[in-house]
Amino acid sequence: MVLDDIGKMVNRWWFKIPKRFKNTQLDVFQIMPNHLRGIIRIVDNKQSAVEAGFMPARNQRATTRVSPTIGDIVGAFKSLTTDELHSSG
C-alpha cells in the first residue's frame, strides 16, 4: 500500500513510541486506509507499590512513578496523531 500524507505522519509517530515510552518495543504493524494495526510490547515493566495495590506513604507519593499502561501509550499516540492532523489542515 502506498501511504498518503496522513499515513506517512502516522508511520512517523509509530516509530517515535519507543523514544517517548522507554519500556516499549514495536513489533509488526500495518497501516490500513482508515486505521492502524500494530503490536506494542511492554518490556522491563517492574511493578510498583501502586500497581500492586498498596498506597505509598504520603511523603513518598511525589517520587513514586508508575509505568505507563498500554492504554496510556495508545492514548498518547492517538492524541499526537490527531493533534498533528488537525493542526495541519
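Assorted remarks:
- Qualifying residues in the range 32-84 (those that are over 21 Å from PHE21 (Cβ atoms) and at pLDDT 75 or above) - the one farthest from the chain's Cα centre (by Cα): PRO33
- Single residue of the range 1-43 satisfying the filter (part of a loop (DSSP other than H, G, I, E, B) and in contact with a strand residue (DSSP E or B) (Cβ under 8 Å, 6 or more places away or on another chain)) that is nearest to PRO68 (Cα to Cα): ASN23
- Residue match in the range 9-31 (condition: surrounded by fewer than 10 Cβ atoms within 10 Å (Cβ to Cβ), more than 14 Å from the chain's Cα centre (by Cα), at pLDDT 95 or above and not β-branched (Val, Ile, Thr)): yes
- For the range 66-89, a tally of residues being among the charged types (D, E, K, R) and touching a residue at least 60 places away in the same chain (Cβ under 8 Å) returns 1.
The values are calculated or read from the model by the stated rules, or taken from the named source; none is laboratory data. The shown structure was predicted, so the numbers you read here are calculated from the model rather than taken from an experiment. Glycine also receives a Cβ, built like all others from the backbone with ideal geometry; neighbour counts cover every protein chain displayed.
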